[in-house]
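The values are calculated or read from the model by the stated rules, or taken from the named source; none is laboratory data. Computed from a prediction, not measured in an experiment: that's the story for all the values here. No Cβ is skipped: glycine too gets one built from the backbone with ideal geometry, and neighbour counts run over all protein chains shown.
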Amino acid sequence: MLKRSVHIILLTIWCASASSQGLKLFSPEMKEAVPRTNAVVMDFLERYFRELPSTKQTSIETKMADDKVYFRKGKPSDLYQVCDTMPFSINLLDHYYEVTWMKGEKPFVTIVFPAQYDLLLGLEKDKASQRFKDAVLSASPRSESVTSPSNLVQTTDSIYQSKGDTLELASLSDALYFNKVRESYHPVFDNSHLAYSAANLFHGLIPHADYRMYVEQAVYGMTTISYTITLSQWLNYCAEWGLKMFFAVEEEREDGILALIIAQSKELGYHHLLSVVIPDKFIDDQNAVLKVRLTPYIPIHNVKDLYKQQSSNHKKVKWQ
């Protein structure tokens, strides 16, 4: 009983401190120097523990338990002893983060929490979906330099393919495709290999090729919104957020290719799912329009079931 009373007193003192001053755990320079997703984690920690004392509908302990935010070492009040010169680490372990600050050579505070976009971004899915278009349009330009991977293997049709990862489907992969000319490799982009060319296009290997994308995006409440972006804007967004791209041909049709594309963020625990109609003349026609059905922010564990619901008419694609 005494131990619990002391804990409540410490929480009360921390609440008073947190309400009277802002919590800054990381310097702006630190946030600028790390990948975007790590900056999101830093912002989350500062926001979460700054706002936590104002929790009114439930206790602080209950809210943290509901959010699956735990202290493996230390307690909330210890965060006010953390400064931006203290060594720290951010580790993604399976589907959760572990953030540790060191004092001397020993861990001082260790916090664990889910790699879950709505928690980390502080946005419910409907709000995140509504802001998705603006996030794409505001992404910074990416580097467009193209280098060939070191793990290329020759296929039966004399194309060189990178050996990478697959996602749920054997054909849904992050593979890249190259031609070999003398001793150098060049990304495939020709009318003889439309599927390989389309895969390279969405992996950002064809810098000179930019197309309009007419997007029908699912939003909250089973409704859609429509807008147009360019392929380069989409690729800028994917690069800024460190998304990993997986590509598969769902169906080869008379008017072109129906492709499945999944942009994955393990760091934030979601996929963006795209079903894209790529016209058969896209190699030669820079004015071609790619028609896209987009469902953003699908929790990683839900993507297989959602895709099966949406692709019930595409019999050529089979789940393993």
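Here Leu201 meets each of (1) within 22 Å of Ile300 (Cβ to Cβ); (2) buried (at least 20 other Cβ atoms within 10 Å of the Cβ); (3) among the hydrophobic types (A, V, I, L, M, F, W, C) with one exception, condition (1).
Scoring Ala175 on the criteria (1) modelled with pLDDT under 90; (2) assigned to a loop (DSSP other than H, G, I, E, B); (3) in contact with a strand residue (DSSP E or B) (Cβ under 7 Å, 6 or more places away or on another chain) leaves a single failure, condition (1). Any residue that is exposed (fewer than 13 other Cβ atoms within 10 Å of the Cβ) and of a type in the set (A, V, I, L, M) - is there at least one of those in the range 175-188? Yes, some residue in the range 175-188 is exposed (fewer than 13 other Cβ atoms within 10 Å of the Cβ) and of a type in the set (A, V, I, L, M).
Right, Ser150: in contact with a Phe, Trp or Tyr (Cβ under 8 Å, 6 or more places away or on another chain) and farther than 24 Å from Met30 by Cβ or not? Explain how you work it out, then say what you get.
Values: in contact with a Phe, Trp or Tyr (Cβ under 8 Å, 6 or more places away or on another chain): no; farther than 24 Å from Met30 by Cβ: yes.
The answer is no for Ser150.
Kindly indicate whether Asp84 is out of contact with any Cys (no Cβ under 9 Å at 6 or more places or on another chain), more than 30 Å from Asp210 (Cβ to Cβ) and not in a strand (DSSP E or B). When the stated conditions are applied, Asp84 passes them.
Looking across the range 158-211, just one residue is closer than 19 Å to Tyr237 by Cβ and polar (S, T, N, Q), and that is Asn200.
Just the residues that are acidic (Asp, Glu) and surrounded by 14 or more Cβ atoms within 10 Å (Cβ to Cβ), please, taken from the range 34-83. If the condition is that a residue be acidic (Asp, Glu) and surrounded by 14 or more Cβ atoms within 10 Å (Cβ to Cβ), then Asp43, Glu46, Asp67, Asp78 are the ones that fit.
Candidates Ile229, Ile257, Ile225, Ile262: the one that is touching a His at 6+ places or on another chain (Cβ under 6 Å) and either surrounded by fewer than 22 Cβ atoms within 10 Å (Cβ to Cβ) or in the same structural domain as Gln286 (by TED's automatic domain parsing) (or both) is Ile262.
Considering only residues that are in contact with a strand residue (DSSP E or B) (Cβ under 8 Å, 6 or more places away or on another chain) and assigned to a loop (DSSP other than H, G, I, E, B), which ones fall in the range 178-188? Can you show your working first?
Initial filter on the range 178-188 (in contact with a strand residue (DSSP E or B) (Cβ under 8 Å, 6 or more places away or on another chain)): 178-180, 185-188.
The answer is Val188, and nothing else.
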